[in-house]
Amino acid sequence: MRLSLALAAVVALSFVAEISASAEVDLGDADFDSKLASMENVLVMFYAPWCGHCKKLKPEFAQAAEMMKDDDPPVFLAKVDCTEAGKETCSKFSVSGYPTLKIFKNGELSSDYNGPREANGIVKYMRSQVGPASKELKSASDFESFIAKDDVAIIAFLAEKDSKLEKTFQKVSDVLREKARFGHSNNGAVVKKAAQKADTLVLYRPKQLSNKFEPDTLVYDGAFDSADIQKWVKDNYHGLVGVRTQDSSKDFVQPLVIAYYNVDYKKNVKGTNYWRNRILKVAQAYKGELAFAVSNKDEFQHELNEYGVEFTPSDKPIVTAKNSKGQKFKMEDEFSMENFESFLKKMVAGELEPFLKSEPIPDMNEGGVTIAVGKNFDDVVFNSGKDALIEFYAPWCGHCKKLTPIYDELGEKLKDEDVAIIKMDATANDVPELFEVRGFPTLFWLPKGSKKPVKYESGRELQDFIKYIAKEATEELKGYDRSGNPKESKTEL
């Protein structure tokens with residue numbers, strides 16, 4: 001018995017060493033439980049080989065595994081093929097769609113994974129799930145390796161353990177553990193190596209983002225208050241010109257200026273910083289007034305499409321911006337620092353015409369259903385002097401196609417009423433921010449003279465629309481009573 005236990009321990013240790021070297025591991029029904037029990041923290045991807053989303057995730061998953069293979073405490077990434085060797089395991093964990101990701105700790109299911117699905121985001125999310133929110137730096141070498149990572153680090157240099165600052169810092173790191181890396185130390189050798197005073201908070205930028213326009217380290221000079229420290233971290237985390245990814249895009253708020261080009265800090269650090277440094281030089285003059293970011297043009301092609309950019313003709317950045325009102329602007333001239341400066345000056349001064357994605361205004365708009373485009377939206381919706389029902393649709397949407405004949409008939413039925421029946425292709429035109437469109441078709445009711453649209457959530461048959469409009473119309477309809485029943489026509493004798 002003792003021999004078998006010892007043998008099992010040796011096998012487990014050799015397996016951990018093996019997967020530490022290979023970064024990620026494939027598991028199946030035969031070894032899932034035994035191998036998972038030897039790993040403290042594991043992210044498991046349940047997949048099917050034919051699944052398109054799985055194929056897209058696999059290289060990101062492998063890259064994340066490679067990035068974390070030397071982590072301490074270790075984080076392992078594993079895959080299970082639900083169509084072959086892992087059928088029973090996938091069934092056991094109720095996997096019904098692909099890919100499904102779950103976090104396991106010491107062989108037991110901990111939680112579903114709801115984090116990002118690109119390599120950097122996976123790494124940041126999983127590291128945040130492991131151990132304390134702030135890593136204790138026990139030696140100068142710990143400190144050096146901690147700040148050598150390709151990510152921002154926030155470190156508390158403490159005069160003594162269990163101080164007020166340490167307790168406050170732990171609260172901050174717990175709240176922001178999924179956003180940033182935190183470390184702390186009261187070791188004299190660490191404080192000396194860092195050349196910092198005790199009871200000091202310092203933000204370290206990664207070396208690849210080093211530039212002459214902002215300091216590589218930033219020392220906190222506020223009160224030791226949790227809310228104040230959190231705000232300081234959030235305000236300074238991305239620096240003057242942040243590197244905006246799918247994972248971090250929500251961190252950047254308007255007014256925002258974005259330069260899109262081939263941003264790649266893995267394969268082309270020098271080339272990426274060549275353009276970023278030019279953005280930085282100009283951005284200095286607008287610190288506190290505008291936020292700036294660089295984004296990979298391929299990763300954010302969908303955003304460029306919203307500015308009418310279907311492809312990028314050169315390696316130079318394409319610059320877009322949104323002001324605090326959400327108005328869009330695009331730098332039409334080829335990128336140069338002089339053109340960039342001129343663009344920003346004119347935008348801030350209100351001298352630029354906002355960019356509006358729009359189809360041409362229809363030559364004739366006399367049918368029962370009025371066609372709205374970006375350029376005439378205000379005229380046909382807000383300034384028509386009528387109540388309005390607006391449908392936002394997509395040409396490829398099956399539900400929209402099904403609704404079309406019903407909506408056309410509704411327009412004909414109500415064409416003599418004080419109600420405008422309107423539709424707009426939301427894929428070819430900018431949708432005003434008042435209207436939150438997340439799927440198709442989406443419909444809104446807007447009483448005349450109002451700026452507060454109400455989402456239409458009633459039925460989508462002809463009579464459903466008529467009943468709703470008859471009830472909600474500002475003035476009673478000529479042809480229907482308030483219940484949506486047709487009024488009897490009076491015939492002369």
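The values are calculated or read from the model by the stated rules, or taken from the named source; none is laboratory data. All values reported here derive from a predicted model rather than from experimental measurement. As a convention, Cβ positions derive from the backbone with ideal geometry for all residues, glycine included, and neighbour counts pool all protein chains shown. For accessibility, only protein heavy atoms count, side chains too; no ligands or nucleic acids. Shrake-Rupley method; radii C 1.70, N 1.55, O 1.52, S 1.80 Å.
At a glance:
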{"read-out": "Antiparallel bridges, percent of DSSP beta bridges restricted to the chain (to nearest 5)", "value": "50"}
{"read-out": "Translational diffusion of region 118-204, µm² s⁻¹ [Kirkwood Rh, Cα pairs; Stokes-Einstein; 25 °C; 0.890 mPa s]", "value": "188"}
{"read-out": "Extension gain (nm, one decimal) between Glu310 and Lys471, 0.36 nm per residue minus Cα-Cα", "value": "53.5 nm"}
{"read-out": "Whole-Å semi-axes of the chain's equivalent ellipsoid (Cα gyration tensor)", "value": "52, 33, 21"}
{"read-out": "0 to 90° range, to nearest 10: angle between helix 337-348 axis and the chain longest Cα axis", "value": "50"}
{"read-out": "C-alpha center-to-center spacing [region 403-460, region 115-168] in angstrom", "value": "50"}
{"read-out": "Mean residue ellipticity (222 nm) of the chain, computed from DSSP H runs ≥ 4 via -39,500 (n - 2.57), nearest 500", "value": "-9500 deg cm²/dmol"}
{"read-out": "Area accessible to solvent at Tyr204, 1.4 Å probe radius, in Å²", "value": "20"}
{"read-out": "Helix 462-472 vs. the chain, principal-axis angle (Cα, 0 to 90°, nearest 10)", "value": "90"}
{"read-out": "Region 148-270 - share of DSSP beta bridges that are antiparallel (%, nearest 5)", "value": "60"}
{"read-out": "Calculated FRET efficiency for the pair Asp418/Asp225, C-beta based, R₀ 45 Å, to 0.05", "value": "0.20"}
{"read-out": "Efficiency of FRET between Ile371 and Glu66 - r from beta-carbon atoms, R0 56 angstrom, step 0.05", "value": "0.60"}
{"read-out": "Aspartates and glutamates whose Cα lies under 15 Å from that of Lys161, excluding same-chain neighbours fewer than 8 positions away", "value": "Glu136, Asp199"}
{"read-out": "Cross-link pairs beyond the 20 Å C-alpha cut-off, checked among Lys386/Lys415; Lys56/Lys234; Lys124/Lys207", "value": "Lys56/Lys234"}
{"read-out": "Accessible surface, the chain, averaged per residue in Å² (probe 1.4 Å)", "value": "53"}
{"read-out": "Largest to smallest accessible area among Trp396, Trp275 [probe 1.4 Å]", "value": "Trp396, Trp275"}
{"read-out": "Extended-chain gain in nm, criterion 0.36 nm per residue less alpha-carbon gap, Asn277 and Asp151", "value": "43.5 nm"}
{"read-out": "Residues in region 328-343 reached by a label modelled at Ala349 [backbone nitrogen below 12 Å; 7 Å Cα→Cβ]", "value": "342-343"}
{"read-out": "Whole-number D in µm²/s for region 435-493 (Stokes-Einstein; Kirkwood sum over Cα pairs; 10 °C, 1.306 mPa s)", "value": "120"}
{"read-out": "Rough spin-label spacing in nm, given labels placed 7 Å along Cα→Cβ, for Asp162 and Gln246", "value": "4.7"}
{"read-out": "Rel. contact order, % - alpha carbon contacts under 8 angstrom, at least six apart, the chain", "value": "8"}
{"read-out": "Segment Glu108-Asn339, length gained on full extension (0.36 nm per residue, minus Cα span)", "value": "77.4 nm"}
{"read-out": "Dipole magnitude (debye, nearest 20) for region 405-493, charges at Cβ of Lys, Arg, Asp, Glu", "value": "260"}
{"read-out": "Fraction of accessible area attributable to carbon and sulfur, region 408-493 (%, probe 1.4 Å)", "value": "45"}
{"read-out": "Accessible surface, 1.4 Å probe, highest first, among residues Asp72, Asp33, Asp464", "value": "Asp72, Asp33, Asp464"}
